[in-house]
Amino acid sequence: MRLHNAWKRGLTSSRYREAKIAVAICFDIRFPELFRIYSLNGAELVVVPSAWFKGPLKEETLSFLARARAHENTIYVAVAVQYGDEYTGRSLVVDPWGTQILDLGVGEKYYELDLDIDLVSEVRRKLPVLQLRRTDLYRLYL
């Protein structure tokens, strides 16, 4: 099966149990537009498998980006980072408020976490950023 053209089918998410889940990979976390599209299409959790390289401020950058993507789109973001000589192994989960609720630190680790998917709806009611967007002001740039 060839997947290098899979993006032509559009940016989609899938339902697993009670959650609508989308996937972004590694460097994609630097692009807020992708997470906004997923959120507008109903995603409640974006999973980000990653090979995040070690380096100055790299762990802090990953945490900051994950918190920003979660908060600005009122979604959960779960980042699973490969561990090894070149990679940070800093896996984390952020809730729709942008609060980091799990940080596995550096190293090879495993953890199971139950997410309250209803929190996405609750946060969206209290912080309706998706509804308050002013696309009329920037529609020409989309």
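Among (1) farther than 25 Å from Ser13 by Cβ; (2) basic (Lys, Arg); (3) crowded, with 22+ Cβ neighbours inside 10 Å, where does Arg69 come up short?
Exception for Arg69: condition (1).
Quick test of your reading of the structure: Pro56 fulfils all but one of (1) out of contact with any helix residue (DSSP H, G or I) (no Cβ under 9 Å at 6 or more places or on another chain); (2) modelled with pLDDT of 95 or more. Name the failing condition by number.
If we test Pro56 against (1) out of contact with any helix residue (DSSP H, G or I) (no Cβ under 9 Å at 6 or more places or on another chain); (2) modelled with pLDDT of 95 or more, just (2) comes out false.
Restricting the range 102-142 to residues that are β-branched (Val, Ile, Thr) and surrounded by 13 or more Cβ atoms within 10 Å (Cβ to Cβ), which is modelled with the lowest pLDDT?
Here the residue is Val106.
What is the number of the single condition among (1) outside any loop (DSSP other than H, G, I, E, B); (2) within 27 Å of Pro128 (Cα to Cα); (3) out of contact with any strand residue (DSSP E or B) (no Cβ under 7 Å at 6 or more places or on another chain) that Asp114 does not meet?
(1)
Working carefully through the options Val81, Val93, find the one that is at pLDDT 95 or above and either surrounded by 15 or more Cβ atoms within 10 Å (Cβ to Cβ) or of a type in the set (Asp, Glu) (or both).
Val93
Pull up the range 86-97, narrow it to residues that are part of a loop (DSSP other than H, G, I, E, B) and touching a Ser or Thr at 6+ places or on another chain (Cβ under 9 Å), then point me to the one that is farthest from Ala19 (Cα to Cα).
Arg90
Residue pairs, Cβ under 8 Å, 6 or more apart or interchain, first in the range 62-73 and at pLDDT 95 or above, second of a type in the set (A, V, I, L, M) and part of a helix (DSSP H, G or I). List them.
Cβ pairs passing all conditions: Leu65/Ile29; Ala66/Ile29; Arg69/Ile29.
The values are calculated or read from the model by the stated rules, or taken from the named source; none is laboratory data. Not measured: the values here are computed from a predicted model. Using ideal geometry, Cβ is built from the backbone for each residue, glycine included, and neighbour counts are taken over all protein chains shown.
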